Amino acid sequence: MQYTFEQYQQSADAIREQIGAFQPKVAMILGSGLGYMGDIVEDAVAVPYQQIPHFKVSTAPGHKGRLVFGTLEGRPVAVMQGRMHHYEGYSYEEVAYAVRVLRLLGCDTLIVTNAAGCVNRDWKAGELMLITDHIKIFMESPLRGENLPQFGVRFPDASHLYTPALQALARRTAGELGISLREGVYMYFPGPQYETPAEVRFARIAGADAVGMSTAPEVIVAGHCGMQVLGFTLLSNMAAGILDQPLSEEEVLEAGAASRDKFSRLVLACLKQIG
Ligand code: HPA
């Protein structure tokens, strides 16, 4: 199935009926651990995904399933509480659907966070990583199919999907807050099974520092429609095969809870400086 431009518009129109003249500037897709930020939005209007035509409902643990509009750090935001993942059964186009709707509503920047396995042996679980680039090979693109020129060109440049100026802002901000911030490459795997140790070795050789099951599809679509992107990863666990222990969802959720405070301080401080 391929969505038409009119369908994206219908979704945006349905949201506009609820938010009136409010215009969000920064879209935030917050993965495991930071979804609670939707709850601290001021003057919030929450729109459940079920009430938005053509929207899918996210089923992943710890994901709520609503868009929250309002202000955070004085900035007009749209916080996606709960994202879609390919492993839930959605196509990549469906996974990234909301990004285009938020673009139509006025967002020009996307802040995206996720939890991922740490591939870099010199780092530790619990650390934060600024995403400087990603690898999403082998998997289908969310842009596959007829191009919708209202959003962008057929063959979009992907040299700077993660906006260099926002990376610089994040580095500086982390330094000011005294929060240690790694930086590196996020490699997308579709899941839902965690990677095998051989896949993790492959990822390392390919140049990845982290492996995870989200983010790349949304960022590709955001880049296509001209949005700036700032991405952060919580390295919730060492990737498979590095430590002699099995990976579990509990471990990922616990790491999210443990680092929530520093992670949200960093994200909010960055948000505050995004014009
Ligand atoms: N692999 C993929 N996705 C993840 C991981 C991992 O090790 N940890 C959290 N999300």
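The values are calculated or read from the model by the stated rules, or taken from the named source; none is laboratory data. In this text, all values refer to a predicted model and were calculated from it rather than measured experimentally. For neighbour counting, all protein chains shown are included, and Cβ atoms are generated from backbone atoms with ideal geometry for every residue, glycine included. In case anyone asks, the SASA skips ligands and DNA or RNA and just uses the protein heavy atoms, side chains included. Shrake-Rupley method; radii C 1.70, N 1.55, O 1.52, S 1.80 Å.
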- Could you check the simple spin-label distance between I137 and Q18, using points 7 Å along Cα→Cβ, in nm with one decimal? 4.1 nm
- Item | Accessible area, probe 1.4 Å, largest first, for residues K272, K136, K262 | K272, K262, K136
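What number comes out for the charge environment of Q50, summing +1 per Lys or Arg and -1 per Asp or Glu over other residues with Cβ under 13 Å away?
Values: positive: K56, K64, R66; negative: none.
Once positives and negatives cancel, what remains is +3.
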- Task: Could you check the simple spin-label distance between T71 and K124, using points 7 Å along Cα→Cβ, in nm with one decimal?
- Result: 3.9 nm
- Got a sec to turn the phi values of the stretch 125-132 into Karplus ³J(HN,Hα) couplings, 6.51 cos²θ - 1.76 cosθ + 1.60 with θ = phi - 60°, whole Hz, x for Gly and Pro? 4, x, 7, 9, 10, 7, 7, 9
- Note on the structure: Taking Cα pairs closer than 8 Å and at least 6 residues apart, the relative contact order of the stretch 19-273 in percent is 26 percent
- Using a 10 Å cut-off on Cβ atoms, rank the peptides 80-88, 173-181 from the highest mean neighbour count down. 80-88, 173-181
- Task: Send over the semi-axes of the chain's equivalent ellipsoid, whole angstrom and largest first, taken as the square roots of 5 times the C-alpha gyration tensor eigenvalues.
- Result: 28, 21, 18
- Message: Per residue, how much accessible surface does the chain expose to a 1.4 Å probe? Answer in Å², no decimals.
- Response: 42 Å²
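Using the crude model of +1 on Lys and Arg Cβ and -1 on Asp and Glu Cβ, and no other charge, please compute the dipole size for the stretch 19-273 relative to its Cα centre, in debye to 20. Please report the intermediate quantities before stating the final value.
Working: 22 positive and 26 negative charges, 103 e Å.
Once rounded to the nearest 20, the dipole reads 500 debye.
Net charge around A206, counting only other residues with Cβ within less than 14 Å of its Cβ (Lys, Arg = +1; Asp, Glu = -1)?
On the way: positive: K136, R201, R204; negative: D133, E195, E199, D209.
Local net charge: -1.
Sorted by packing (mean other beta-carbon atoms within 10 Å per residue), highest first, where do 122-131, 183-192, 244-253 land?
183-192, 122-131, 244-253
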- Label point distance in nm, N147-Q273, each placed 7 Å from Cα along Cα→Cβ: 3.5 nm
